[in-house]
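Laboratory data are not the source of any read-out in this text; all were calculated from the coordinates shown. Because the structure is predicted, anything quoted here is derived from the model rather than measured. Glycine also receives a Cβ, built like all others from the backbone with ideal geometry; neighbour counts cover every protein chain displayed.
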Amino acid sequence: MIVAKAKDINEIADKLAGYGKILVAGCATCVAECMAGGEKETAITASALRMALKLRGNQAEVNEITAERQCEWELIEEIATQVNEAEIVVSLACGVGVACMSERFEPKPIIPGVNTVFLGHREKAGLWMERCAACGDCTVDRTGGICPVARCAKSLQNGPCGGSNDGKCEIDPDVDCAWHLIIERLKAMGKLENLKENTPPKNWATSRDGGPRKVVIEDVEE
Amino acid sequence: MNSSSNLQRVLESGEFAVTGEVGPPMGSEAEAVKAKAKILQGCCDAYNVTDNQTAVVRMSSIAASAILLSEGLEPVMQMVCRDRNRIAIQSDILGAAALGIKNCLCLSGDHQSFGAAGKLHGHPGAKNVYDIDSIQLLSVLRDLRDEGKQQGGDAVSGPPEMFIGAAWTPLGDPVDFRVIRLGKKVAAGAQFIQTQSIFDVNGFAKQMKIVRQEGLHEKAFIMAGIIVPKSAGMLKYMNKNVAGVKVPEELIKRMEQASDRKEEGLKVTVELIEQVRQIEGVRGVHIQAIEAEGLIPEIVKRANLLPRPAAGDVN
């Protein structure tokens, strides 16, 4: 899923100067799972904003609503009335939600209330981890299901570099060395041989480097 | 394929080779590079020029290498994958070859979060590249030279003559994968190898035994990395913080108890050189005296490695 993280409330409040009617719009899917922008976080953000704005002498009205998803036209429509009544919307959806909302309600300002950080999963309560970089050309079959593009700080294809120490990455002793994990996983699978062959340069054209991407399924396209 | 690299000729002649290291300045002063060149002239077969080591901006490796050349020293241009994509890398290699640079050491590069291990600001907010990794860089360089072919498939009009090198961390973690990784580098085109600094000679010797079993010592020239110890504190720091560097406790004690640290550091260095030289398959040493390049001539002399074979005298 998409993992996001709440922005500092003052960073959001700074952008709301001069607005009298504000809507905080949550999203009940990915950002709810990662506790950044679901219904509960929307309520918390709205009250924190009320306080932050009051402290700044701003008497703006702050309302709240949570869409099922802000990345689906039909589900965005369900909150259209509330959005139309607001002068500005703080969207707690991921960047996709902010983009869709901005497109649907142009020229109304829709500003992000969270930072979209990665594609990942909930490791345990309160901890989410990055697992995929959406490079567009998945080869994790070769690396035991562990993605070196997402999890190696250098996205090395033939790692590990000389910087791993006791299974940890040179950038931070709290970060696992992806290649250490890959080697251990392949040992357990009896497939360490996978790594003996050199992996040639990757084609990054399928990644963001190739420009904005789209997926088309022709027999479904209207 | 051969280049006209002096380092390659010395290694192929069977002489025990010596390389040193020149860190370019954090500025544009050519004089700083020339001053180091004067100190080091004649004591090594070639001199590594670092490429923004520890992710700190310094004079480019290519430019500093060209200055060394103009002073009559043979550079080993280091090239990291952190800052350039495959387009810039190939272009820089062609340019370096045009300037007369004959050796290239292919590296991943320290991550940009390093900033000289926190001693300087560095540029932790920089976007890293890592379009290709160090093993892929080796094969890209080999194909430019031997196939006359760019990575994308286009022809190279004048292939770059380069002696191709790679780094190896023999005691890096996970240690049982390190010889496999060396084999990958050799398969990708590495002709010479400079290792991470060796203090644990026994540990290194064990890894070299596996290297010999795999026959890798016959496919590439392995040069042992030696760092001149300055103090017990430095050794403790390296032991704790530098990946793949294990410093035996007795060596740390020895530096602690020394009345003249500089002299003790020189003695330790010379002993390490003599010890690694005894290991079958070690064909040379790469000596690093960080911010103390002036010590290298004395070390090489004490290790009885002077005079160096003059360029053209080998064979």
Evaluate the stretch A:81-181: find the radius of gyration of its Cα atoms, find its Kirkwood radius, and give the ratio Rg to Rh.
1.16
Run the numbers on chain A and let me know its relative contact order in percent, using alpha-carbon pairs under 8 Å that are six or more apart.
17
Dipole of chain A, Cα-centred, from +1 at each Lys and Arg C-beta and -1 at each Asp and Glu C-beta, to the nearest 20 debye?
780
Using a 10 Å cut-off around each Cβ of peptide A:148-156, what is the average number of partner chain Cβ atoms that fall inside?
4
Within the set of other residues whose C-beta is less than 14 Å from the C-beta of B:Leu107, count the net charge using Lys and Arg as +1 and Asp and Glu as -1.
-2
For helix B:232-241, what angle does its Cα long axis make with the longest principal axis of chain B, in degrees from 0 to 90 and rounded to 10?
50
Ranking of B:Tyr237, B:Tyr130 by count of other Cβ atoms within 10 Å, fewest first
B:Tyr237, B:Tyr130
Going by how many other beta carbons lie within 10 Å of each one, how would you line up B:Val156, B:Val76, B:Val228, fewest first?
B:Val156, B:Val228, B:Val76
Lys and Arg at +1, Asp and Glu at -1: neighbours of A:Gly120 with Cβ under 13 Å from its Cβ sum to +2
How are the alpha carbon pair distances in chain B distributed across 10 Å bins from zero to the largest one, expressed in percent?
6, 27, 37, 24, 5, 0, 0
Report the one residue of A:Ile183, A:Met129, A:Leu55 whose Cα lies farthest in the direction of the positive end of the charge dipole of chain A (charges on C-beta: Lys and Arg +1, Asp and Glu -1; origin at the Cα centre).
A:Ile183
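So how do B:116-123, B:96-103 stack up, highest first, on mean other-Cβ count within 10 Å?
B:96-103, B:116-123
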Taking every residue of B:135-143, the Cβ atoms of other protein chains inside 10 Å of its Cβ average out to 3
If one takes the longest principal axis of the Cα atoms in chain B, at what angle in degrees, from 0 to 90 and to the nearest 10, does the Cα axis of helix B:201-213 lie?
40
Where a Cα-Cα gap under 18 Å defines reach, which lysines qualify for B:Lys262, not counting those fewer than 8 residues away within the same chain?
B:Lys230, B:Lys236, B:Lys253, B:Lys301
Separation of the stretch A:89-103 and the stretch B:134-153 by C-alpha centroid, Å?
44
What's the average, rounded to a whole number, of partner chain beta-carbon atoms within 10 Å of each residue's beta-carbon in B:105-111?
4
Per DSSP H run of at least 4 residues, take -39500 (n - 2.57); add these up for chain A, divide by its residues and hand me the 222 nm value, nearest 500 deg cm²/dmol.
-7500 deg cm²/dmol
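Based on the alpha-carbon gyration tensor of the stretch A:2-118 and its eigenvalue square roots a ≥ b ≥ c, which shape applies: rounded if a/c is under 1.5, prolate if not and a/b is larger than b/c, or oblate?
It comes out oblate by the Cα gyration axes.
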Whose amide H sits under 5 Å from the amide H of B:Lys149, counting only residues 5 or more places off or on another chain, with H placed in the peptide plane?
B:Leu144, B:Val156
Which of the listed residues, B:Val285, B:Leu235, B:Ile210, is farthest toward the dipole's positive end in the stretch B:179-309, when Lys, Arg count +1 and Asp, Glu count -1 at the beta-carbon?
B:Ile210
Please report the equivalent ellipsoid semi-axes of chain A, computed as sqrt(5 x eigenvalue) of the Cα gyration tensor, largest first, in whole Å.
41, 21, 14
Rounded tilt (10° steps) of B:178-188 against the dominant C-alpha axis of chain B:
30
tail above 37 Å in the computed P(r) of the protein assembly as shown, as % of all Cα-Cα pairs, reads 42
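Would you mind ranking B:Thr169, A:Thr199 so that the residue whose beta carbon has the fewest other beta carbons within 10 Å leads the list? Write out the running numbers ahead of the final one.
Numbers: B:Thr169 24, A:Thr199 19.
The most exposed by this proxy come first: A:Thr199, B:Thr169.
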Rounded to one decimal in Å, the inverse mean reciprocal Cα-Cα distance for the stretch B:229-271, i.e. its Kirkwood radius, is 10.3
Checking the cross-link filter: which aspartates and glutamates have an alpha carbon closer than 12 Å to that of B:Lys36, excluding same-chain neighbours under 8 positions apart?
B:Glu21, B:Glu71, B:Glu291, B:Glu293
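Assuming a ≥ b ≥ c are the square roots of the Cα gyration tensor eigenvalues, decide whether the stretch A:50-96 counts as rounded (a/c under 1.5), prolate (otherwise, with a/b larger than b/c) or oblate. If you can, show how the numbers build up before the last one.
Working: a/c = 3.30, a/b = 2.08, b/c = 1.59.
Note, shape of the stretch A:50-96 comes out prolate.
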Of B:Lys127/B:Lys246; A:Lys187/B:Lys219; A:Lys124/B:Lys246; A:Lys21/A:Lys124; B:Lys34/B:Lys246, those spanning more than 29 Å from alpha-carbon to alpha-carbon:
B:Lys127/B:Lys246; A:Lys124/B:Lys246; A:Lys21/A:Lys124; B:Lys34/B:Lys246
Please label the shape of the stretch A:133-198 as rounded, prolate or oblate, based on the square roots a ≥ b ≥ c of the eigenvalues of the alpha-carbon gyration tensor (a/c under 1.5 means rounded; beyond that, a/b larger than b/c means prolate, else oblate).
oblate
Set of aspartates and glutamates with alpha-carbon distance to A:Lys202 below 12 Å, sequence-local pairs under 8 removed:
A:Asp137, B:Asp131, B:Asp133
Please work out the C-alpha center-to-center distance from the stretch A:163-222 to the stretch A:68-86 and express it in whole Å.
37
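Just the number, please: percent antiparallel of the DSSP beta bridges in the protein assembly as shown, rounded to the nearest 5.
Expressed as a percentage, antiparallel bridges in the protein assembly as shown total about 25.
Per residue of chain B, what 222 nm ellipticity follows from adding -39500 (n - 2.57) for every DSSP H run with n ≥ 4, rounded to the nearest 500? Let's see the in-between values first.
Working: 11 runs with 118 residues, N = 315.
Helix-only estimate at 222 nm: -11500 deg cm²/dmol.
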Amide H contacts under 5 Å for A:Arg131, restricted to residues at least 5 apart in sequence or on another chain and with H modeled in the peptide plane, are A:Leu119, A:Gly120, A:His121
Might you report the magnitude of the Cβ-based charge dipole of the stretch A:133-198 about its Cα centre, with Lys and Arg at +1 and Asp and Glu at -1, to the nearest 20 debye?
180
